[in-house]
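Some notes on the structure that comes next.
The values are calculated or read from the model by the stated rules, or taken from the named source; none is laboratory data. No experiment lies behind these values; they were computed from the predicted model shown. We place every Cβ from the backbone using ideal geometry, glycine too, and count neighbours over all the protein chains shown.
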Amino acid sequence: MRDIATGTMGESGSPFRPSYGKVFFTFARNSLVRDMTFRSNFIIESITSLSWMAMNLAYYILIYQFTVSIAGWSKMEYFLFLATTLFVNAIVQALFMPNCEEFSELIRTGGLDFALLKPIDTQFLVSLHKINWSSLWGALFAAGLMGYALWFLPEMPGPVAFLLYPFYLACGVAIMYSLMISLAATSVWLGRNQTLYDFWFYITNFSRYPLEIYRGAVGDPIRVLFTFIIPVLIVVNVPARLLAKPLDGQNWPLAVFALFATAASLWLSRLVFTKAMRSYRSASS
Amino acid sequence: MSLPANYAPEFDASDHSPARPNRLRIWATMLRISIEERLVYRGDFALGTLMRFLPLLTQVFMWSAIFYAVRRADGASTIAGFTYEEMIAYYLLTQVSRAFSSMPGLASVIALQIRNGEIKKYLIQPVDLIGFLLLSRIAHKLVYYVVAAGPFALVFYLCRDYFSGWPDATTILAFLASLVMAFIMGFFMEATLGLLGFWLLEVSSLLFIYMLFTFFFSGHMFPIDMLDGLPWHLGTIVRAIPLQYLAYFPAAVFLGKIQGADLAWGLGLQLFWTVTFIVLCRVTFNLGVRRYSGYGG
């Protein structure tokens with residue numbers, strides 16, 4: 001028997017193990033070839049993605065015309081925060097967004113049958129088979145913004161912060177991915193899932209602001225909810241604080257918790273995915 | 001084939017002359033079909049409506065933090081003429097404006113129907129495409145308001161402290177007029193963009209630019225008064241283009257930011273833009289249809 005979710009063969013199957021690294025490399029290559037085939041489309045997509053970022057930045061430049069800080073974040077510190085948000089978004093959009101969207105569609109149309117038949121982990125296949133290269137401009141934009149902000153920051157963060165930053169960025173991406181794939185997998189039960197994107201956008205919207213802004217009778221429960229139950233507040237806040245506020249005592253407990261939150265999110269999303277696959281009934285004729 | 005019990009032929013069979021379809025009845029039927037179609041996915045719809053208020057929550061916190069910082073730094077209690085309460089009220093009101101003026105999917109569906117040839121069915125039937133789309137959009141909006149009335153009332157009730165009481169009757173009338181015009185203007189603006197699909201194969205990047213500008217310069221993201229002190233007369237330019245009527249103008253009217261002669265002038269200009277886009281849409285459609293050729297079945 002073949003385990004439908006993991007795609008591995010049981011005793012009766014062949015002991016075939018695909019090389020995930022090679023497969024991912026092929027996905028990336030194919031996506032790039034495809035993007036380069038439709039070059040003008042790629043250029044337009046790149047421009048739109050960059051202009052979206054520019055608008056985002058312009059909004060905060062505008063706000064900082066009226067204030068010197070927001071919830072204790074100075075302009076340059078906030079730029080680091082924004083750059084981190086853009087980094088996470090760029091990576092999620094490049095790697096997972098088109099795939100998760102298609103995954104919902106595959107469930108609805110029954111096209112998932114073909115993915116289930118492939119001798120590779122289904123979650124890996126549906127999560128990564130397409131890479132949206134044009135979104136990676138966002139990462140470049142974010143890097144530029146980060147360099148600019150670091151240059152004007154009164155105090156450069158230490159080497160530890162720089163070492164930990166990419167690691168926590170990856171944790172953040174993993175949390176976002178877990179949320180996204182779980183939401184996409186719910187299409188199995190809900191059928192139509194148009195609000196998936198909206199839902200994802202609205203939930204992750206909470207992650208785009210420093211956690212200090214959530215204060216008071218309503219703010220405190222929100223902060224707790226989005227830190228401990230749906231840990232989207234961790235995603236940007238932990239890496240951004242490492243660079244922008246290296247001396248803040250609150251960082252370390254949060255950083256330790258982020259490890260736990262990442263592991264738990266990944267595990268839970270795997271659980272949801274496997275459960276969804278067990279409930280999947282093909283829609284094809 | 002058996003007909004449903006409530007089947008009513010559109011053409012009177014007893015009358016041997018080729019009956020002319022009653023236009024009002026066609027429109028009523030189109031509206032009814034669209035409402036029914038909308039209600040099929042009401043669960044999805046209600047969920048979407050509730051979700052729409054979530055970003056507002058983060059705005060409340062964000063602006064609270066900004067106003068707190070401003071007050072502490074230089075004792076000022078307003079930003080671009082808005083107090084904290086007004087700012088939150090403003091964001092709530094732009095949700096109302098956008099509920100009228102935003103047309104999700106309109107332009108892309110028109111462009112898609114042009115591209116895949118589905119538009120033929122409107123061209124050969126005694127049904128006007130723009131009229132049909134307008135009615136289905138009205139149906140969409142009516143259902144939306146019914147479903148959204150609850151969440152909207154709840155949110156406004158919870159946020160009642162951000163408002164300094166009800167405005168006077170003139171303001172409310174002006175507000176309602178600007179909302180209706182925002183709907184019509186939003187519809188015809190987006191429909192015109194979609195109709196450009198007669199000339200362009202792919203309008204999605206154009207739509208993205210439109211969306212980006214709307215988001216930024218309609219006042220959806222921030223009150224456009226914030227742009228006033230900026231270089232290159234950015235504030236003046238943004239006030240001159242019609243986007244502000246989609247979000248900023250109705251909200252500012254309700255808050256009493258625009259009164260007297262300015263109000264009359266503003267409503268007049270909004271009417272001007274609304275009519276302009278209705279005409280533009282018609283002209284685009286007629287030119288497009290003349291250009292269009294459909295092949296195959």
May I ask you to verify whether B:Ser101 is touching a residue at least 24 places away in the same chain (Cβ under 8 Å), touching a Gly at 6+ places or on another chain (Cβ under 6 Å) and either over 24 Å from B:Val155 (Cβ atoms) or away from chain A (no Cβ under 11 Å) (or both)?
yes
The residue that is surrounded by the fewest Cβ atoms within 10 Å (Cβ to Cβ), considering only those in segment B:257-277 that are hydrophobic (A, V, I, L, M, F, W, C), in contact with a Phe, Trp or Tyr (Cβ under 9 Å, 6 or more places away or on another chain) and closer than 21 Å to B:Trp166 by Cα, is B:Leu267
Among what's in segment B:194-212 and is more than 9 Å from every other protein chain (Cβ to nearest Cβ) and within 27 Å of A:Leu57 (Cα to Cα), pick the residue that is modelled with the lowest pLDDT.
B:Val203
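Need at least 1 residues that are out of contact with any strand residue (DSSP E or B) (no Cβ under 8 Å at 6 or more places or on another chain) and under 23 Å from B:Ala111 (Cβ atoms) per element, so show me which helices (runs of 4 or more DSSP H) inside segment B:184-297 make the cut, counting only ones lying wholly within it.
B:204-217, B:260-291
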Given (1) surrounded by fewer than 16 Cβ atoms within 10 Å (Cβ to Cβ); (2) touching a Ser or Thr at 6+ places or on another chain (Cβ under 7 Å), index of the condition A:Ala54 fails
(2)
Looking at the structure I just gave you, is A:Thr67 crowded, with 16+ Cβ neighbours inside 10 Å and part of a helix (DSSP H, G or I)?
no
Only one of A:Phe206, A:Phe226, A:Phe201, A:Phe167 is assigned to a helix (DSSP H, G or I), away from every other protein chain (no Cβ under 12 Å) and under 17 Å from A:Val88 (Cβ atoms). Can you tell me which?
A:Phe167
